[in-house]
Amino acid sequence: MSAPVSSPDDTALLRIDGPIATITLNRPAAFNSINLAIAQKLEQLAAYIEGADEIRVVVLEGEGRAFCAGGDLQTIGAAAEANTVTPVVGELLKHYHTFIETIRRMPKLSLSSVHGSAAGAGMGLAFVTDLCIAAEDARFTPAYAKIGVSPDGGSTVGIVGTVGSRRALQIFLSEDSFTAQQAHEWGLVAKVVPATELKAATRQLAERLAQNPPAAIAGTKSLVYQAATTPVKQQLDAEEHKIIMAMNTEEFRAAVKKFTSKGK
C-alpha cells in the first residue's frame, strides 16, 4: 500500500521521516475538534501506518493553538436539535473508535505531543497513545460531565489503565481542568517541556523510541497492555513466546554479539 498523499487542506496530515510517522490534526480554526471528516481521515492514516513495516513510532500533534478541543460540538449540537444524535454521532464514533483501536493494537509506539488545550475526546486522544509529552502550557479538560455526558474517544481506555478507577472518577467528575505538571505527577505524561521546546523534544523522544527494534516494540506493547487482565500462567507463556520470537531476529543476534564482545 502506497503512503496516502496529504494536501494542505486535509483535516489530518501525514508526514513520514524514516521510522517516524507524524499525524497532524489540521482543523486549527476549530481547535482541531473531531468531526466526521477528521475521524475518517485518521482511520485511513492509522490503517496505512499499521501496515507499514518501516514505521516504528507514530507521533500525534495538533496544528494551531490547541492540540484538540474534543468532539465538534457544532455538529453534535445540530444533531441533538434535529433529533439525529444516534446516526450522526454513531457514524462519527464508528470511524474514530476504529482509529483508536488501531493505535492501541498496532505493533508500533504512539506518542502524543500536546500543547494548548486538550479537552474531552482531545484529552482522551492525548492519553490513549502509548506515551505523552506535553508543553508546560498544556491544559487538560475532561469536559464531559459539564455537558451531561460520559467519556468517549478512548478516554477511559487510556486514563483508567494508567491512574486507576478512583483517580479516573476524580478526573472525569471533579476536575474542571488540570495542568501538564499534574498529569505528569499522575503518570499520564512522560515529560513536560517549555512550549518553545516541544517540537524538538518530541522529535528527540520519538527518535529514542525508534531505536528499539520492531520485535522489542511489538512484544513489549502487547505484553504490557494484556498484563492487567491476563492470568499469571497465560502471561508467562506470552512472555516466553514473545521473547523467543525476538531472539530469532537479526537485531537480537547483532545486539548480543556487540554486548558480549565488549569485555574481550
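The values are calculated or read from the model by the stated rules, or taken from the named source; none is laboratory data. Here the structure is a predicted model, which means the values were calculated and not measured. Neighbour counts are summed over all protein chains in view; Cβ atoms, including those assigned to glycine, are modelled from backbone coordinates with ideal geometry. Ligands, DNA and RNA are excluded from the accessible area calculation, which covers all protein heavy atoms including side chains. Shrake-Rupley method; radii C 1.70, N 1.55, O 1.52, S 1.80 Å.
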Under 23 Å from residue 73 (Cβ atoms), in contact with a helix residue (DSSP H, G or I) (Cβ under 9 Å, 6 or more places away or on another chain), in contact (Cβ under 8 Å) with a residue 60 or more places away in the chain and not in a helix (DSSP H, G or I): does that describe residue 152?
yes
Can you spot a residue in segment 99-109 that is part of a helix (DSSP H, G or I), surrounded by 21 or more Cβ atoms within 10 Å (Cβ to Cβ) and in contact with a Phe, Trp or Tyr (Cβ under 6 Å, 6 or more places away or on another chain)?
no
State yes or no: is residue 135 outside the structural domain of residue 225 (by the TED database), aliphatic (A, V, I, L, M) and open to solvent by 10 Å² or more (accessible area, probe 1.4 Å)?
no
Which number in (1) part of a helix (DSSP H, G or I); (2) surrounded by fewer than 22 Cβ atoms within 10 Å (Cβ to Cβ) marks the one condition that residue 92 misses?
(2)
The correct count of residues that are free of Cβ contacts under 8 Å to residues at least 12 places away in the same chain and either under 27 Å from the mean Cα position of the chain (by Cα) or surrounded by 15 or more Cβ atoms within 10 Å (Cβ to Cβ) (or both) in segment 240-257 is 1
On the given criteria, is residue 84 polar (S, T, N, Q), within 16 Å of the chain's Cα centre (by Cα), open to solvent by 40 Å² or more (accessible area, probe 1.4 Å) and over 22 Å from residue 168 (Cβ atoms)?
no
Flagged in segment 222-239 as over 18 Å from the mean Cα position of the chain (by Cα) and buried (at least 16 other Cβ atoms within 10 Å of the Cβ), in numbering order, are 238
With the checklist (1) open to solvent by 10 Å² or more (accessible area, probe 1.4 Å); (2) modelled with pLDDT of 95 or more; (3) assigned to a helix (DSSP H, G or I) in hand, flag the one item residue 146 doesn't pass.
(2)
